[in-house]
Amino acid sequence: MKIKMNRRHFLTAAGTIIASPYLIPSAILAKPGETLGANDRVNVGLIGLGGRCNWLYNATFPQVQDANFVAVCDIFQPRVNEFLAKENKLGEMRGYDDFRKMIETENLDGVMVETTTHARAWIVIQAMAMGMNVYIEKPMCLTIEEGRTMVKAARHFKKVTQVGTQQRSIPLNNWASDLVRNGAIGKIKYVLAPNFVGPDIWEDQPGQPLPEGGNGNWWDVWTNQAPYRPYHPQLHYGWSRWRDYDAGGLCFGVSGWGTHSYDQVNRALGTNETGPIALILEEPSTIQESGKYPNRKVEDNETGSPYYGMAKVTGPRGKVKMLFANGTELRLYLDGDKGPGLGAIFVGEKGKIEINRDKIAANPKDILERDDNPGSNPRDESADHVENWLHCIRTGEKCVADIEYGQRSSTLCELVNIVRSVGKVGETLRWDPETERFTNCDEGNVLLSRPRRKGYELNFS
């Protein structure tokens, strides 16, 4: 027997305590309402009011067309208060500390999930179950199996998804990617991409007093799937550094910048829905600085030069090579102070093309001297990306950074960390991109998922 109930009744019964898990039957998927028209503005709620959301609010959203930003949510109430006290750039917004209550109360068409990485999947799946189309900040997940569950949920609930790899919406990046795919430099022999810094391991420290202003069990909810630890500001505000919460989320980190770089590789190689077939760790993973050329003279035409100063971090690094079925090698060798930190260098039989964020270079140079070269993007780097999501909500089209594409780029990041952790230098680890499992490395398969704390399982039906 299927029990039918409306969303409001269901949330009242099962969602009063935000940390409580619940299973939502497909019979009550819920967003009541009609399909949006081509010219309708999309009602959007924001979940997670940390640094990334504030960046979008200040730089991106004022340029975005066709969106009504009507509500915001963060489990830490002072952030909600601070956000609502800002200069009003987007019109009146209402604040919540429970995203489910926000979705239930507001007439939303979609939500942007700008939370910590370790909480993202849990929130995204529940939001989709409640009828929301979702913009998912990158990296979209913490583990490979978690990401696959998110893809299955998106297909089950038939929701429009956009992962925040915004280089897919920058005209120059797409134009250069198409040059690579269409043979402008001939068959690709290999691709050079950065050797990004991985996450550190948190060492337990004495707990610190909870900051004032948080409601109820907000720290338990913040901890989400991760092991519960006493409050510490280095976790609350520096979570992207630690393995239990991210996969290397700093500048020049595996998931921080690597998601962009490896997604750029997938876009140019046409590997959006697949992955490598083998991986080789070429040196032991050791604690290293991200750069090796601090006193080098930087040339004017270097695509990565605007980012060199941001890429000064230290952490576990080790060169990795990935092999694709068509014979292309992806060599993760580059440092943070030389080369395209947010992109890659594609080396073909007839030359090479370097693609970074909204900046490209080539050898020979005349490869780029074409009338259809769109030039630099005059808008904020994420404005087109958010607008593509809004457009697809109205039309039902697939976004340029659909959740399957996000899963594949996130998988490359996770594979880097897994191969380094397994530590089999020089051995070829076979990867099946269809089943998303190693075929000759049981130790690697153990790391495809993690135990989730009770109450934060990823359940849907």
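For beta carbons closer than 9 Å, sequence separation of 6+ or different chains, a first residue in region 381-404 that is on the phi > 0 side of the Ramachandran plot and a second that is surrounded by fewer than 21 Cβ atoms within 10 Å (Cβ to Cβ) and not charged (D, E, K, R), the qualifying pairs are 396/35.
Residues of region 236-257 that are within 13 Å of residue 202 (Cβ to Cβ), open to solvent by less than 10 Å² (accessible area, probe 1.4 Å) and not in a loop (DSSP other than H, G, I, E, B): 236 alone. Answer yes or no: is there a residue in region 316-324 that is of a type in the set (Phe, Trp, Tyr), over 23 Å from residue 358 (Cα atoms) and either out of contact with any strand residue (DSSP E or B) (no Cβ under 6 Å at 6 or more places or on another chain) or open to solvent by 40 Å² or more (accessible area, probe 1.4 Å) (or both). Yes, the conditions are met somewhere in region 316-324. With respect to being of a type in the set (Lys, Arg) and outside any helix (DSSP H, G or I), residue 267 falls outside the description. In region 184-197, the residues that are touching a residue at least 40 places away in the same chain (Cβ under 8 Å) reach residues that are among the basic types (Lys, Arg) and open to solvent by less than 10 Å² (accessible area, probe 1.4 Å) with C-beta atoms within less than 6 angstrom, at least six apart or across chains, in these pairs: 195/317; 197/317. Answer with yes or no whether residue 168 is part of a helix (DSSP H, G or I), charged (D, E, K, R) and within 30 Å of residue 375 (Cα to Cα). Taking the combined requirement at face value, the residue satisfies it. Among the residues here, residue 268 does not qualify as surrounded by fewer than 20 Cβ atoms within 10 Å (Cβ to Cβ) and more than 14 Å from residue 196 (Cα to Cα).
Would you say residue 344 is under 21 Å from residue 168 (Cα atoms), open to solvent by 10 Å² or more (accessible area, probe 1.4 Å) and at pLDDT 95 or above? Here the answer is no, as residue 344 does not meet what is asked.
Evaluating residue 105 against the criteria (1) of a type in the set (Ser, Thr, Tyr); (2) within 23 Å of residue 264 (Cα to Cα); (3) open to solvent by 10 Å² or more (accessible area, probe 1.4 Å) leaves one unmet condition, (2). Of all residues in region 200-226, those being exposed (fewer than 15 other Cβ atoms within 10 Å of the Cβ), in contact (Cβ under 8 Å) with a residue 60 or more places away in the chain and under 22 Å from the mean Cα position of the chain (by Cα) number 0.
What are the residues in region 403-449 that are assigned to a loop (DSSP other than H, G, I, E, B) and either in contact with a strand residue (DSSP E or B) (Cβ under 9 Å, 6 or more places away or on another chain) or surrounded by fewer than 17 Cβ atoms within 10 Å (Cβ to Cβ) (or both), if any? Residues satisfying the conditions are 423, 424, 426, 427, 433, 434, 435, 439, 440, 441, 448, 449. Note on region 149-165: residues that are open to solvent by 50 Å² or more (accessible area, probe 1.4 Å) and either part of a helix (DSSP H, G or I) or of a type outside the set (Lys, Arg) (or both) amount to 3. Among residues of region 91-119 that are under 18 Å from residue 215 (Cβ atoms), those with a Cβ under 7 angstrom from a residue that is open to solvent by 30 Å² or more (accessible area, probe 1.4 Å) and among the polar types (S, T, N, Q), sequence gap 6+ or separate chain, pair up as 97/77; 97/215. Only residues that are under 24 Å from residue 250 (Cα atoms) and in contact with a helix residue (DSSP H, G or I) (Cβ under 6 Å, 6 or more places away or on another chain) were counted in region 105-114, giving 2. Looking for something within 19 Å of the chain's Cα centre (by Cα) and either buried (at least 24 other Cβ atoms within 10 Å of the Cβ) or at pLDDT below 95 (or both) - is there at least one such residue anywhere in region 363-385? Within region 363-385, one or more residues are within 19 Å of the chain's Cα centre (by Cα) and either buried (at least 24 other Cβ atoms within 10 Å of the Cβ) or at pLDDT below 95 (or both).
For residue 281, the conditions (1) open to solvent by 40 Å² or more (accessible area, probe 1.4 Å); (2) modelled with pLDDT of 95 or more; (3) more than 22 Å from the chain's Cα centre (by Cα) all hold with the exception of (1).
The values are calculated or read from the model by the stated rules, or taken from the named source; none is laboratory data. Quick caveat, the model's predicted, so the values are computed rather than measured. Counting neighbours? That spans all protein chains shown, and the Cβs are built from the backbone with ideal geometry, glycine included. The area values use the complete protein model at the heavy-atom level, side chains included, leaving out ligands, DNA and RNA. Shrake-Rupley method; radii C 1.70, N 1.55, O 1.52, S 1.80 Å.
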